[in-house]
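Here the structure is laid out as structure tokens; the discussion comes afterwards.
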Amino acid sequence: FKSIVNTFTSHQFTLTPVASTTVHDINANVINDGSFSGFSNESLPVELVSLQGRKHNESIKIDWETAMEEQNEGFYVERSYNGLEFEQIDFIPGNGFSTEAILYEYLDHHFDQSAEVVYYRLKQLDFDGKIEYSHVISVRNKNIDDDGSLEISVFPNPANSEVIITASDKVNLRVLGTSGNVLFESYNANGALVDLSAFAKGFYIVEAFSDDNSVIKREKLIVE
């Protein structure tokens, strides 16, 4: 990746948000990313190739990658608790002109900790005052089983050709071998149909897990 003079890798700085008098501390670092998305108007001078978020200790970490930048003044980070009404919480300076991949990171320390889901989007601003919005992402703040209500079922069990895993809420699911190796994974789903044709006879573990990889529920599976 391009070596950038104004990438923020080892210190914190403070910016005053446009729509709030609260001051937020942010870290903007060069990091790795792999998913793909973008701004809706490709004629604007920034090509956004990824935007994602996840819980990070007591904060929420948002990171994004641009493939190219032209006249990019920077990004407003916007937050919402219903996915419809957004507030600007900080501004991250862009890199002006670049034809190489640049990666950004933002830590939100000041979101409402009682919210189950927090939504984010970027508003990109160029030097001419043009703006464009990214797609909206959602970050789950709390495990869906905080109240102990999540249920998962494995049927049939024992099974031989296939098994149906169902959950009472959308959750991440996986099947593990006895050594802990992951044989199947499904994300943010109410269930999954697992083909067992490549599974040897024996015991397996079915797990429901959160976005931070914490195990919520676990069931045994027998393959005959």
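I need every pair where a residue in the stretch 38-67 that is more than 20 Å from Ala101 (Cβ to Cβ) and part of a strand (DSSP E or B) has its Cβ under 7 Å from the Cβ of a residue that is among the aliphatic types (A, V, I, L, M) and at pLDDT 90 or above, sequence separation at least 6 or different chains.
Between residues of the stretch 38-67 that are more than 20 Å from Ala101 (Cβ to Cβ) and part of a strand (DSSP E or B) and residues that are among the aliphatic types (A, V, I, L, M) and at pLDDT 90 or above, the close pairs are His56/Leu107; Ser59/Leu107; Ile60/Val118.
Of the conditions (1) small (Gly, Ala, Ser); (2) under 24 Å from the mean Cα position of the chain (by Cα); (3) closer than 27 Å to Asp195 by Cα, Ser153 satisfies every one except a single condition; which number is it?
Ser153 satisfies every listed condition except (2).
What residue, among those in the stretch 118-140 that are surrounded by fewer than 17 Cβ atoms within 10 Å (Cβ to Cβ) and in contact (Cβ under 8 Å) with a residue 40 or more places away in the chain, is nearest to the chain's Cα centre (by Cα)?
Once the filter is applied, the top-ranked residue is Ser138.
Across the stretch 49-80, which residue is modelled with the lowest pLDDT among those that are buried (at least 17 other Cβ atoms within 10 Å of the Cβ) and closer than 16 Å to Glu116 by Cα?
Here the residue is Lys55.
Within the stretch 80-90, does at least one residue satisfy the condition of being in a strand (DSSP E or B) and under 16 Å from the mean Cα position of the chain (by Cα)?
Looking for residues that are in a strand (DSSP E or B) and under 16 Å from the mean Cα position of the chain (by Cα), one finds at least one in the stretch 80-90, hence yes.
Every residue in the stretch 138-165 that is closer than 30 Å to Pro45 by Cβ and modelled with pLDDT of 90 or more, please.
None; the set is empty.
When you look at Ala115, is it in contact (Cβ under 8 Å) with a residue 60 or more places away in the chain and of a type in the set (A, V, I, L, M, F, W, C), yes or no?
In short, no.
Looking at the stretch 95-117, which of the residues that are hydroxyl-bearing (Ser, Thr, Tyr) and closer than 27 Å to Glu69 by Cβ is surrounded by the most Cβ atoms within 10 Å (Cβ to Cβ)?
Tyr104
Which pairs do you get when a residue that is over 16 Å from Ala192 (Cα atoms) and touching a residue at least 60 places away in the same chain (Cβ under 8 Å), found in the stretch 209-223, comes within reach of a residue that is surrounded by 14 or more Cβ atoms within 10 Å (Cβ to Cβ) and of a type in the set (Gly, Ala, Ser), reach meaning Cβ atoms under 9 angstrom, with the pair 6+ apart or on two chains?
Going by the 9 Å Cβ cut-off, the qualifying pairs are Ile216/Ala208; Ile216/Ser210; Ile222/Ala159; Val223/Ala159.
State yes or no: is Ser168 in contact with a Leu (Cβ under 8 Å, 6 or more places away or on another chain) and of a type in the set (Gly, Ala, Ser)?
When the stated conditions are applied, Ser168 passes them.
Pairs under 7 Å by beta carbon, first residue closer than 24 Å to Arg140 by Cβ in the stretch 180-207, partner hydroxyl-bearing (Ser, Thr, Tyr) and in a strand (DSSP E or B), six or more apart or different chains?
Partner pairs satisfying both residue conditions: Asn190/Thr166; Gly191/Thr166; Ala192/Ser186.
Tally time: how many residues in the stretch 91-111 are assigned to a loop (DSSP other than H, G, I, E, B) and more than 14 Å from Ser138 (Cα to Cα)?
5
The values are calculated or read from the model by the stated rules, or taken from the named source; none is laboratory data. This is a predicted model, so every value here is computed, not measured. Note that we place each Cβ from the backbone using ideal geometry, even for glycine, and neighbour counts take in every protein chain shown.
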